[in-house]
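The values are calculated or read from the model by the stated rules, or taken from the named source; none is laboratory data. Quantities reported herein were computed from a predicted structural model and do not represent experimental measurements. When we count neighbours, we look across all protein chains shown, and the Cβ atoms used for this are built from the backbone with ideal geometry, even at glycine. Protein only, heavy atoms only, side chains kept; ligands, DNA and RNA dropped before computing areas. Shrake-Rupley method; radii C 1.70, N 1.55, O 1.52, S 1.80 Å.
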Amino acid sequence: MTKCALLCLLLAVVDVSTALYFHIGETEKKCFIEEIPDETMVIGNYKTQLWDKNKQEFLPSTPGLGMHVEVKDPDGKVILSKQYSSEGRFTFTSHTPGEHQICLHSNSTKIALFAGGRLRVHLDIQVGEHANDYSEIAAKDKLTELQLRVRQLLDQVEQIQKEQNYQRKSVS
């Protein structure tokens, strides 16, 4: 197998995106651990839904309900702490390699009144080159389709190098 074929196979296998949903109560906090190399961009997209007791289903959130997002680096230093609306996006760049803690909790006590204390949060975390919006990059830099694909591959190679360097440091 050639080096190019091996690299393409490796790139096809590497996926650094996590999408999930979870339920929280009005005072509950959910945290996730994400291993991130240094100097890596992370984007989190989220959407909240309230439980409707009458319809017995989750419905879009009411205005005023939002989320507080806090991110700590491997040393426990807070690198992001911000209030957001009921649907949105948060971003940060890691400056220290290792386990980053991403925590979310509601900024409202109205959940108990409206949702029987239940809130569903959809969360999609994208790390590294998966955080790039390549359609936006192509438009801004006026790239052809081939140039854009080469840019994506270079970004993937750079991300793989960061991952390998992180793994080397964590093993030694």
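Some values worked out for this structure:
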| item | result |
| --- | --- |
| Candidate set: segment 34-82, residues that are basic (Lys, Arg) and more than 20 Å from the chain's Cα centre (by Cα); chosen: the one nearest to Arg118 (Cα to Cα) | Lys53 |
| Residue within segment 112-128 that is at pLDDT 80 or above and surrounded by fewer than 17 Cβ atoms within 10 Å (Cβ to Cβ) present | yes |
| Residues of segment 54-71 satisfying the condition of being of a type in the set (D, E, K, R) and within 22 Å of Cys103 (Cα to Cα) | Glu70 |
| Hits in segment 87-107 (condition: open to solvent by 30 Å² or more (accessible area, probe 1.4 Å) and either out of contact with any Pro (no Cβ under 6 Å at 6 or more places or on another chain) or not acidic (Asp, Glu) (or both)) | Glu87, Arg89, Thr91, Thr93, His95, Thr96, Pro97, Gln101, His105, Asn107 |
